[in-house]
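The values are calculated or read from the model by the stated rules, or taken from the named source; none is laboratory data. Quick caveat: nothing in here was measured; it's all calculated off a predicted structure. Note that we place each Cβ from the backbone using ideal geometry, even for glycine, and neighbour counts take in every protein chain shown. Only protein heavy atoms, including side chains, enter the accessible area calculation; ligands, DNA and RNA are left aside. Shrake-Rupley method; radii C 1.70, N 1.55, O 1.52, S 1.80 Å.
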Amino acid sequence: MNFHQLHIFYTVADKGSFSAAAQALHMTQPAVTMQIQSLEDYFGTKLIHRSTKKIELSEAGEALLPYALRSMELFRETDEAMSSFTDKLQGRLLIGASLTIGEYVLPRLLGPFGKRHPDISIVMNVMNTTQIIDGIMKHQLNFGMIEAPLSHPDLIVQPAMRDELKLIVPGNHPLTYKEEIGLHDLLEYPFIVREKGSGTRQVMEDAIREHGVDPSKLNTVMELGSTGAIKSAVEAGVGITIISPSSVKHEVTLGLLKILELKDIEFKREFYEVYSKSSMLPISAVTFLNYLKKQAQSLDESDD
């Protein structure tokens, strides 16, 4: 018996068929069948009852399943623990990232990681959440980074980094001269928001509702489908907005935009890592995710 066989057994049980497991594992169906038979020979008992339409776990298979799952979890934990000692990594790292993360957060973190691991080729695609899930399920991506939690039976989704949205205004806006800015002050000015369904917009609207203001009361003059378009509109004086400060660092440095604090309200959110339950992450992916978490922890500590 080995970990590979337990991984295959868990995937067959999870997917409900040998063919689906073979597809998920990038193996042929006969190879999957052979590994299950080897595992059954090792234990001297039937683990899976096969029929033309579906598979059913035997009593022994049901007993083995939680141990197979625990072995996968232990394998992941081992990789994560050892990733901080890994100096020599090779191969390609395929990442899917949603808009804000892919355009403004990850690029500044990829550089230092790439310098430490020069033999890794990093390929990052900026995509929406649906495309990221599809890429993971088709094994075209090692993992994804998304801006909102989701529930999917075949995926592991867990927090990786924190972010906090801030009020962004033109460099010479009247609000820059106020000592304190309250939520109701925003109602006096034209407002620019992301499109409906955007994670950024959802976080903003949820926080506003929690503080007793209906988001429809905002003087919304424009809905735009990208952070870059919103920045340009704010810079042009069309309105003010609430987006991630990581996306406006360059414009703030130039004095084109300003980041302002709102009194008694915060717009905090998590960024999430997402990857397949049935496929083990390569050590390069585990090392990178561990690196992200350490960077996020150091930023949190610096803010305290």
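Modelled with pLDDT of 90 or more, aliphatic (A, V, I, L, M) and either outside any helix (DSSP H, G or I) or out of contact with any Lys or Arg (no Cβ under 8 Å at 6 or more places or on another chain) (or both), is that true of LEU109?
Values: modelled with pLDDT of 90 or more: no; aliphatic (A, V, I, L, M): yes; either outside any helix (DSSP H, G or I) or out of contact with any Lys or Arg (no Cβ under 8 Å at 6 or more places or on another chain) (or both): yes.
No.
Go over the candidates VAL169, VAL213, VAL157 one by one and state the one that is touching a Lys or Arg at 6+ places or on another chain (Cβ under 7 Å) and among the hydrophobic types (A, V, I, L, M, F, W, C).
Values: VAL213 fails: touching a Lys or Arg at 6+ places or on another chain (Cβ under 7 Å); VAL157 fails: touching a Lys or Arg at 6+ places or on another chain (Cβ under 7 Å).
Only one candidate passes the filter, namely VAL169.
Here ARG108 fulfils each of the conditions (1) surrounded by 13 or more Cβ atoms within 10 Å (Cβ to Cβ); (2) on the phi < 0 side of the Ramachandran plot apart from (1). Confirm whether PRO118 is open to solvent by 70 Å² or more (accessible area, probe 1.4 Å), over 25 Å from GLY16 (Cβ atoms) and not polar (S, T, N, Q). So PRO118 fits the description; yes.
For region 251-269, how many residues meet the condition of being acidic (Asp, Glu) and either in contact with a Gly (Cβ under 8 Å, 6 or more places away or on another chain) or buried (at least 17 other Cβ atoms within 10 Å of the Cβ) (or both)? Steps first, answer last, please.
The first filter runs over region 251-269 and keeps only residues acidic (Asp, Glu), leaving 251, 261, 264, 266.
Now drop any that are not either in contact with a Gly (Cβ under 8 Å, 6 or more places away or on another chain) or buried (at least 17 other Cβ atoms within 10 Å of the Cβ) (or both), which leaves 251, 264.
Qualifying residue count, region 251-269: 2.
For region 196-208, which positions are of a type in the set (Gly, Ala, Ser), within 20 Å of GLY225 (Cβ to Cβ) and surrounded by 15 or more Cβ atoms within 10 Å (Cβ to Cβ)? Don't jump to the end; show me each part of the working.
The first filter runs over region 196-208 and keeps only residues of a type in the set (Gly, Ala, Ser), leaving 197-199, 207.
Now narrow it down to the ones that are within 20 Å of GLY225 (Cβ to Cβ): 197-199.
Once the filter is applied, which keeps residues that are of a type in the set (Gly, Ala, Ser), within 20 Å of GLY225 (Cβ to Cβ) and surrounded by 15 or more Cβ atoms within 10 Å (Cβ to Cβ), region 196-208 yields SER198, GLY199.
Of the residues making up region 209-250, those that are open to solvent by less than 30 Å² (accessible area, probe 1.4 Å), of a type in the set (A, V, I, L, M) and under 24 Å from the mean Cα position of the chain (by Cα) number 4.
Kindly indicate the residue of region 76-94 that is open to solvent by 80 Å² or more (accessible area, probe 1.4 Å) and assigned to a helix (DSSP H, G or I) and also modelled with the highest pLDDT among those meeting that condition.
Let us first name the residues in region 76-94 that are open to solvent by 80 Å² or more (accessible area, probe 1.4 Å), namely 77, 82, 85, 87-88, 90, 92.
From what is left, the residues that are assigned to a helix (DSSP H, G or I) are 77, 82.
On the way: GLU77: 76, MET82: 69.
Restricting to residues being open to solvent by 80 Å² or more (accessible area, probe 1.4 Å) and assigned to a helix (DSSP H, G or I), the top hit is GLU77.
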